[in-house]
Amino acid sequence: MGAVPGSLAVDAPILEPDLERVGDAARRLERAGYDGAFTFEGPHDPFFPLVLAARQTSRIELSTGVAIAFARTPMLLAHIGWDLQAVCRGRFALGLGSQIRAHVEKRFGMPWSRPAARMRELVRALREIWRCWSEGDRLEFRGEFYTHTLMTPFFTPGPSSFGSPPIRLAGVGPRMTEVAGEVGDGFLVHPFHTPGYLRETTLPALRRGLARAGRPRERFEIAFQVMVVSGDGDEERERARRAVVAQIAFYGSTPAYRPVLESLGRGELQTRLHQLSKAGRWAEMSGLVDDALLEELAVVAPMRELPARVLERCGGHADRISLVTPWAPDLERWGDVARELRGGRLSGAAGRGPAPRG
């Protein structure tokens with residue numbers, strides 16, 4: 001059931017917390033008909049589970065959605081990406097995000113400055129390292145944030161028959177989104193978005209980045225993550241609602257995401273949520289997310305209506321879609337929803353093949 005050119009790919013997160021069962025979880029997603037499975041930065045490193053998943057799958061794309069770029073150097077990411085592409089036999093995609101300053105400096109102990117410029121340079125450094133390995137040329141990358149000028153034969157993996165993996169960048173603000181259009185192979189739409197913010201801020205920024213690099217939209221992937229509230233019965237729907245409301249409250253407390261709330265005239269809510277988060281009053285935060293805000297930031301619909309509502313929200317701009325379901329439902333049981341999404345691309349989406357690898 002792999003996605004075909006011009007069709008919509010549907011991805012699912014690997015939510016299995018037990019590393020010994022990650023491979024089996026990925027295999028079940030493949031059998032359920034998903035086109036891709038992804039990990040994310042959380043209790044576990046996002047890369048190691050993909051090695052386990054690659055050993056028990058043969059068709060689905062395996063990706064990070066996302067790994068924190070600034071927690072790692074370009075050389076470290078280059079080796080990880082090169083090796084995972086080989087282990088996955090050409091099925092790996094490197095999804096990167098910047099995170100926020102507090103996490104980069106206080107959790108990872110890494111430097112933070114000018115994130116958009118740093119991300120642009122990091123991606124260019126990655127590509128130069130991969131080019132060096134592919135072509136056997138001298139490594140000569142000198143930038144403002146990163147310098148890579150030493151590569152001896154002992155540390156060179158050599159050319160790969162699978163090429164280098166595609167790089168997808170995540171962003172919320174216009175500057176990082178422009179960088180994705182300029183240097184990435186794709187863009188990961190953050191779950192904390194609204195159709196209006198997408199239309200007025202995200203898509204114009206992507207177009208500017210693509211235009212700056214002289215790149216066509218048809219060779220670029222847009223992957224949506226959409227928060228959804230749904231379920232088969234009242235109990236599951238209420239559990240879903242509580243989980244998504246908590247997720248919105250968490251995202252809304254982040255200063256970097258304030259522009260999304262400001263686009264709704266709700267900028268003051270970010271201040272209140274941030275204050276409560278600093279005080280550790282997490283339970284109170286959910287109480288500030290009303291039904292109107294929930295409907296703006298998530299798709300709330302019965303299961304039978306979910307595919308059409310998600311496609312409508314994406315406005316024909318999605319090449320890939322994944323449903324954000326923080327209440328951790330059985331994603332295999334949602335296979336019918338995935339199949340309907342996959343076959344129901346709305347008019348206006350770019351008919352395209354996969355982004356080039358390598």
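The values are calculated or read from the model by the stated rules, or taken from the named source; none is laboratory data. For clarity, every value in this text was computed on a predicted model and none was experimentally measured. Note that we place each Cβ from the backbone using ideal geometry, even for glycine, and neighbour counts take in every protein chain shown.
Conditions tested, residue by residue: (1) surrounded by 23 or more Cβ atoms within 10 Å (Cβ to Cβ); (2) modelled with pLDDT of 95 or more; (3) farther than 30 Å from THR147 by Cβ; (4) out of contact with any Phe, Trp or Tyr (no Cβ under 7 Å at 6 or more places or on another chain).
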position	(1), (2), (3), (4)
GLU41	no, no, no, yes
ARG55	no, yes, yes, yes
SER63	yes, yes, no, no
ALA69	yes, yes, no, yes
PHE92	yes, yes, no, yes
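Here are some residues: VAL260, VAL324. Which one is touching a helix residue (DSSP H, G or I) at 6+ places or on another chain (Cβ under 8 Å), closer than 30 Å to ASP185 by Cα and modelled with pLDDT of 95 or more?
After applying the criteria, what remains is VAL260.
Among the residues of segment 184-219, what is the count of those that are free of Cβ contacts under 8 Å to residues at least 24 places away in the same chain and within 14 Å of TYR257 (Cβ to Cβ)?
Selection size over segment 184-219: 0.
For residues in segment 94-108 being among the hydrophobic types (A, V, I, L, M, F, W, C) and over 27 Å from ILE60 (Cα atoms), which is surrounded by the most Cβ atoms within 10 Å (Cβ to Cβ)?
My answer is VAL104.
Output the residue which, of all residues in segment 26-76 that are β-branched (Val, Ile, Thr) and not in a helix (DSSP H, G or I), is farthest from GLU221 (Cα to Cα).
THR73
Here are ARG237, ARG241: which of them is modelled with pLDDT of 95 or more, among the charged types (D, E, K, R), in a helix (DSSP H, G or I) and surrounded by 16 or more Cβ atoms within 10 Å (Cβ to Cβ)?
ARG241
Quick check on LEU294: is it within 29 Å of GLU221 (Cβ to Cβ), touching a residue at least 40 places away in the same chain (Cβ under 8 Å) and surrounded by 22 or more Cβ atoms within 10 Å (Cβ to Cβ)?
Spelling it out, it is not the case that LEU294 is within 29 Å of GLU221 (Cβ to Cβ), touching a residue at least 40 places away in the same chain (Cβ under 8 Å) and surrounded by 22 or more Cβ atoms within 10 Å (Cβ to Cβ).
Which residue, of PRO111, PRO159, is in a loop (DSSP other than H, G, I, E, B), farther than 30 Å from THR57 by Cα and in contact with a Phe, Trp or Tyr (Cβ under 8 Å, 6 or more places away or on another chain)?
After applying the criteria, what remains is PRO111.
Could you list, in sequence order, the residues of segment 66-90 that are within 18 Å of PHE108 (Cα to Cα), of a type outside the set (A, V, I, L, M) and out of contact with any helix residue (DSSP H, G or I) (no Cβ under 7 Å at 6 or more places or on another chain)?
ARG72, THR73
From LEU323, LEU288, grab the single residue that is of a type in the set (A, V, I, L, M), assigned to a loop (DSSP other than H, G, I, E, B) and out of contact with any Asp or Glu (no Cβ under 8 Å at 6 or more places or on another chain).
The conditions single out LEU288.
Restricting attention to segment 279-291, and to residues there that are under 18 Å from GLU238 (Cβ atoms) and surrounded by fewer than 14 Cβ atoms within 10 Å (Cβ to Cβ), which single residue is modelled with the lowest pLDDT?
Looking at residues that are under 18 Å from GLU238 (Cβ atoms) and surrounded by fewer than 14 Cβ atoms within 10 Å (Cβ to Cβ), I get ALA283.
So which residues in segment 216-234 are in contact with a Leu (Cβ under 7 Å, 6 or more places away or on another chain) and assigned to a helix (DSSP H, G or I), if there are any at all?
Matches in segment 216-234: ARG217 only.
So, in segment 220-263, exactly how many residues are closer than 22 Å to LEU311 by Cβ and aliphatic (A, V, I, L, M)?
Qualifying residue count for the region: 10.
Among the residues of segment 22-36, count how many are over 20 Å from the mean Cα position of the chain (by Cα) and modelled with pLDDT of 95 or more.
Matching residues across segment 22-36 total 3.
Within the set of pairs 6 or more residues apart or between chains, which connect a residue that is farther than 20 Å from ARG118 by Cα inside segment 156-183 to a residue that is at pLDDT 95 or above and part of a loop (DSSP other than H, G, I, E, B) with Cβ atoms less than 7 Å apart?
Once the first residue is farther than 20 Å from ARG118 by Cα and sits in segment 156-183, its partners that are at pLDDT 95 or above and part of a loop (DSSP other than H, G, I, E, B) give PHE162/ARG89; PHE162/GLY90.
Among the listed residues GLN225, GLN270, GLN275, which satisfies the condition of being of a type outside the set (A, V, I, L, M), without any contact (Cβ under 8 Å) to a residue 24 or more places away in the chain and in contact with a Gly (Cβ under 9 Å, 6 or more places away or on another chain)?
Step by step, each of GLN225, GLN270, GLN275 is checked, and only GLN270 is of a type outside the set (A, V, I, L, M), without any contact (Cβ under 8 Å) to a residue 24 or more places away in the chain and in contact with a Gly (Cβ under 9 Å, 6 or more places away or on another chain).
Yes or no: GLU20 of a type outside the set (Phe, Trp, Tyr) and in contact (Cβ under 8 Å) with a residue 24 or more places away in the chain?
No; evaluated as a whole, the condition is false for this residue.
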